[in-house]
Amino acid sequence: MVKFYTPPKKKLTSQKLTVTVSSLDAFGQGVASHNGKTIFIKSALPDETVDIKLTEDKKNYAKATVIKYYNQSNERVKPQCEYYQKCGGCELQHISSHLQQQAKYSALINLLQKEGGQNLASVIKDSPQIIADQPYHYRRRARLAINLVKGELFIGFRQAESSQIINIEHCPILVEQLDLLLAPLQNCLRQITQKKALGHIELIAVDSGVIIVLRHTLPMTSQDTELLKQFAQEQNISLYFYGEELVHITGNKEHYYLINHLKLTFSPLDFIQVNSKINQKMINQALEWLTLKPTDNVLDLFCGMGNFSLPMATLSKSVTGIEGIGALVEKAKFNAQLNNKEICAKTHFLINNLDDKQQFNTWNHATFEKVLLDPARAGAYNAAAEIVKIAPEKIVYISCNPATLARDCKQFIDKGYKIAQVAILDMFPQTKHIESMLLLTK
């Protein structure tokens, strides 16, 4: 057998290093320098002097953990969750909200300037634009794993950097309705006779009430079904089973949330923003930046069920929403009809794969003065190339991935657009996720 040369793995230095942290990166790691090399240090904050041990040593950077703290930053706070650093749901609870937001904003600005080539000093001015609300009890939707340990059932989230499930009975990130439901729900599920049939649980709390979707991999027995049905009725919950298809068991069937006096209905399996207060502020900011007029024709790409489309339709001449999922397009049409007394614009909702250039002719030949897009993490590279051909006056881009946002924005900047506004959306406080929105003008 032919043998190939494999270079030996570089051994990590066992020596202890003492460094002072200079800044915080977007992932909540302290940043320090030693002999010209940048070191990213887990759980260290700016201005803290620490002894560290390297966990990874590359040519241009290293990673490390703290052995000893000599002092603590004023931005270090006490985590509110008893499972913190065990549960993998949050990573930044030891960092003040102010520093979390500042670090994310700085990381976004640096990336946009690096990739787009536009100096954003005039945009950020004296202070960052951060759209924030309460740092805890904000999450209105969550998926909980179910774990069986020697026959005993637990529910919770995955452990950090592991597939293990951390059992939880309290979560300060969830809205209070869902937080208070965890312990009684776990007690109910422990009475199930066929526990191995259970998959995971989806919890949703909106204006119309609380929804539970129970995923199961085997048929539910009549005894277990009755037990869960009784629990849901006692708690005034809408209960669904989700095996091969979604089945309503008990409770309200109409699910909706309210936004700008509009009623948006959805299915329990549909995507909705998990932070209702930031969603409302995000929509208001988009409307302010777009400065919609009764003569404006608006294009809303990745429109979903109309989260942005319908508020924009109260201020403009026409709104065309494009979405790749047919069920969401039908829901958007239904929501437009449901709110027709509040809407003054003509609305058109079309199914279109926004990654497939061959399908763009359903919208790329029309005239639109304003465009909004809110893509998934993969971004909107192909759609962005078509938007510049339409040449709208203003573009609002909502993003959950700074990397694809910066990549797509370069296309706009290369065609004569400039970034006029940048904001961080504190959609997921206590986590490293960066949500943002920006305004591009011609």
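The values are calculated or read from the model by the stated rules, or taken from the named source; none is laboratory data. Please read these numbers as outputs of a predicted model, since none were measured by experiment. A quick note on method: Cβ atoms are made from the backbone with ideal geometry, for glycine too, and the neighbour counts reach across all protein chains shown. Just so you know, the surface numbers come from the protein's heavy atoms only, side chains and all, with ligands and any DNA or RNA stripped out. Shrake-Rupley method; radii C 1.70, N 1.55, O 1.52, S 1.80 Å.
Tabulated values for the structure
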quantity: Search result, residues across region 173-193 that are surrounded by 13 or more Cβ atoms within 10 Å (Cβ to Cβ) and in contact with a helix residue (DSSP H, G or I) (Cβ under 7 Å, 6 or more places away or on another chain); calculated: CYS188, GLN191, ILE192
quantity: Region 119-157, residues that are over 29 Å from LEU99 (Cβ atoms) and surrounded by 12 or more Cβ atoms within 10 Å (Cβ to Cβ); calculated: LEU144, ALA145, ILE146, ASN147, LEU148, LEU153, PHE154, ILE155
quantity: Residues being surrounded by fewer than 19 Cβ atoms within 10 Å (Cβ to Cβ) and under 14 Å from ASP300 (Cα atoms) - total across region 326-337; calculated: 1
quantity: Pairs, first crowded, with 20+ Cβ neighbours inside 10 Å in region 255-280, second among the β-branched types (Val, Ile, Thr) and assigned to a loop (DSSP other than H, G, I, E, B), C-beta under 6 Å, six or more apart; calculated: PHE266/ILE272
quantity: Positions within region 261-295 being of a type in the set (Gly, Ala, Ser) and under 15 Å from the mean Cα position of the chain (by Cα), in sequence order; calculated: SER276
quantity: Flag for LYS196 being at pLDDT 95 or above and either open to solvent by 30 Å² or more (accessible area, probe 1.4 Å) or among the polar types (S, T, N, Q) (or both); calculated: no
quantity: Matching strands (runs of 3 or more DSSP E) fully within region 28-99 where at least 3 residues are open to solvent by less than 20 Å² (accessible area, probe 1.4 Å) and over 24 Å from GLN164 (Cβ atoms); calculated: 49-57
quantity: Candidate set: region 149-184, residues that are outside any strand (DSSP E or B) and among the acidic types (Asp, Glu); chosen: the one farthest from LEU214 (Cα to Cα); calculated: GLU161
quantity: Region 383-401, subset modelled with pLDDT under 95 and not aliphatic (A, V, I, L, M), residue nearest to CYS81 (Cα to Cα); calculated: GLU386
quantity: Whichever residue in region 1-25 is of a type in the set (Gly, Ala, Ser) and modelled with pLDDT of 85 or more and, among such residues, is most open to solvent (accessible area, probe 1.4 Å); calculated: SER22
quantity: Neighbours by Cβ (under 7 Å, 6+ apart or cross-chain): first from region 175-194, basic (Lys, Arg); second outside any helix (DSSP H, G or I); calculated: ARG190/LEU153
quantity: Test: residue in region 175-193 that is over 19 Å from ARG143 (Cα atoms), basic (Lys, Arg) and over 20 Å from the mean Cα position of the chain (by Cα); calculated: no
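Residues checked against (1) on the phi > 0 side of the Ramachandran plot; (2) in contact with a Ser or Thr (Cβ under 9 Å, 6 or more places away or on another chain); (3) not aromatic (Phe, Trp, Tyr):
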residue	(1), (2), (3)
ASN236	yes, no, yes
GLU244	no, no, yes
ASN252	no, yes, yes
LYS281	no, no, yes
